[in-house]
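Here is the structure we will look at, set down as structure tokens.
Bear in mind these aren't lab numbers, they're just calculated from the coordinates by the rules spelled out. Since the structure is predicted, the reported quantities are computational estimates derived from the model, not experimental observations. Heads up, the Cβs are rebuilt from the backbone with ideal geometry, glycines too, and the neighbour counts pull from every protein chain shown.
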Amino acid sequence: MKTRPDPPVIPTERGGCPFDPPAEYARLRAREPVSPLTFQVAPKDPTGWLVTRHDLVRQILADDRFSHRNELLAHVVAPPFPIPEYAPQPSPPGSFAKMDAPEHTKYRKLLAGHFTVRRVQQFEPELTRIVDGALDAMAAQGSPADLLTAFAEVVSLRTVCALMNVPEEMMTEFSGHFAALMRLTYTLEEFVHHVESMDALIRPVVRERMAERGDDFFGRLAATGELTEEEMVNLAVLTLGGSLDTTPNMLTLSTFALLKHPGQLELLRERPELYESGAVDELLRYLTISQLGSSRCALEDVEIGGRTIRAGQTVVLALPAANRDPEVFDDPDRLDVTRNPRGHLALGFGAHQCLGQHLARASLRIGLRRLFERFPTLRLAVPAEEVPLRDRAMHYGVDRLPVAWD
């Protein structure tokens, strides 16, 4: 007697191209864009849904019938990713990423003014100095080098320190703890250790800045009078950590992709103005490093794509699949730096769209342009297939990117 097959888990197996998402996404997007999904850990209902089509992903991201609250979401990580088994709790005060309105709105409004287009533009001269300083140090170290540790992580760390006026030594230690939590192979004891360690590092800085009320990131937040110390600490952990993982991954993976697409790199060298138009967003779309996507919990029964999502069920939104949707992007599996990929979802959409998106774009635009101008003969120092991929983490990337230059 034939039994009904188990619902699929989140696709994780990639093919020969290190920049393409799992091929299974394309099949699901074409045949079953809202498909049953089995979670490794779930509260009551072990079956949720995986959404792979661009229009449906975008629709859910903007639909307030779907919650982003931590305590409502099961762990949306499927095998082979082992994770701690503990019941999700409500987000602590200030940790707004897993909150809904009005709490999410309150915290986001307090932070939004620090990451506007204008603020980022004012910061760009300092960002350029940070990038050039990292490149100077890399040149002094000599060829070959690991681009991740010698350049990308340095730029990200120093950018955070400059924007938020925090000590580089403290942030170096903080980033190690945060990076450990971005991988999906830690125990509950390790989770507690890293969280408590980050708190111990940040809390004294927050306490000092709240007392001083100076003209810096924490001082201006404290001056609003709307935040407790606990809220400030949690806001700080979230804000500081937000760019420490994503920006280095995007810088190194973008470099890897351009070195493997020499025609596209040559276009950028011939037409550097492309950095200012769509090239950065094309890299964001093409690579979409949020490999497990985003997740939401239905607050009521919702009809989506011919399926009924029941109240309480979790929906995983496959951002890498949505950004390769041929109904939205012509020839979506091709990197094209002349493309202007409007509507891509690499930075999210709706109320939870990436708060630091303008800073992220500026870091990529300035970082990549200065890198390839400074090292015109930059190349991989090992065969591409020997570059170790960071495929067991929240954000896709490489563990190392060995490069060389003349």
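Here are a few things to note about the model shown:
- 10 Å Cβ shell holding at most 13 others, DSSP loop, trypsin sites (Lys or Arg not before Pro): longest site-free stretch of the chain: 45-333
- Calculated P(r) tail over 32 Å for the range 24-404, as whole % of Cα pairs: 34 percent
- Restriction of the GluC sites (Glu not before Pro) in the range 285-346 to DSSP coil positions whose beta-carbon has at most 11 other beta-carbons within 10 angstrom yields E300, E327.
- Over the range 24-404, Cα pairs under 8 Å with separation of 6+ residues give a relative contact order of 25 percent.
- For the range 192-345, the square roots a ≥ b ≥ c of the C-alpha gyration tensor eigenvalues yield an a/c of 1.5 or more together with a/b not exceeding b/c, which makes the shape oblate.
- Helical content of the chain, expressed as a calculated mean residue ellipticity at 222 nm, amounts to -14500 deg cm²/dmol (DSSP H runs of 4 or more residues, -39,500 (n - 2.57) each, divided by residue number, nearest 500).
- Whole-Å semi-axes of the ellipsoid equivalent to the range 312-353 (Cα gyration tensor, √5λ, descending): 23, 13, 7
- Normalised by the number of residues in the range 275-389, the average gap of Cα pairs under 8 Å and 6 or more apart makes the relative contact order 29 percent.
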